[in-house]
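Each reported figure results from applying straightforward, stated rules to the coordinates on display, with no laboratory input. If you're wondering where the values come from, they're calculated on a predicted model, not measured in any experiment. Cβ placement follows ideal geometry from the backbone for every residue including glycine, while neighbour counts extend to all protein chains displayed.
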Amino acid sequence: MHISEGFLPLKQAALWAVAAAPFLARGVRHIEGTHENRYFLAASAGYLFTLTALKLPSVAGSSSHATGVALGTVLVGPAVLPALSLIVLLFQALLTAHGGLTTLGANVFSLGVAGPWVTWLVWRGGLRIGLGERPALAVGTVIGSLSTYACTSLQLALAHPDTQGGVNTAFARFAAVFSVTQIPVAVVEAMFTLAVLQVMARTPGMRHQALAGWARR
């Protein structure tokens, strides 16, 4: 979902940066107020960087990969993910040519805002209806991952509308191409995230409210 440099008009890139700014500011405040969960912030950022670095070629000017936001959503909450995403995306844009600087706001919005919040809403909603921790988070991870790519598809469609069908047709085409790789990737990501949480919960010295009970599952 990392949109590369030059694939968004500067005006649209600026608007996405403005849209992401309030979420970034809130994420920074959350990090500044965190004292007990430094390890889990680092773990969430490392997981995010690793999974988003494993990219597959996809729609021109973008890529397909796991999002890595579900672990951070569980450990530190969705509000922190925009700030962690900014760090990861900036590092990747500068040092690995993955993504771009002018498209940073758009990429932060899709990866750090859309993905985590959809993951959290679906996960918590699943718990409310009695779905169970593991299946609720698995469904949340899959839908959250797909929502990230739906957001990227919208961003690309707005920048490159179809000559006949406009934004709607372009969105459908971008989303269809992404879905070929992203649906199986999202399912694998859900399984891997559940496994990582279980390993963390069983590791001596791990004390975190979000991990309570995972070791018994």
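Details
- Charged-residue dipole, Cβ positions (Lys, Arg, Asp, Glu), region 10-205 about Cα centre, Debye nearest 20: 140 debye
- Here, P(r) means the percent of Cα pairs in each 5 Å bin from 0 to the largest distance; for region 10-205 it is 1, 8, 16, 20, 21, 16, 9, 5, 2, 1, 0, 0.
- Once C-alpha pairs closer than 8 Å and six or more residues apart are averaged by separation and normalised to the residue number of region 78-217, the relative contact order reads 17 percent.
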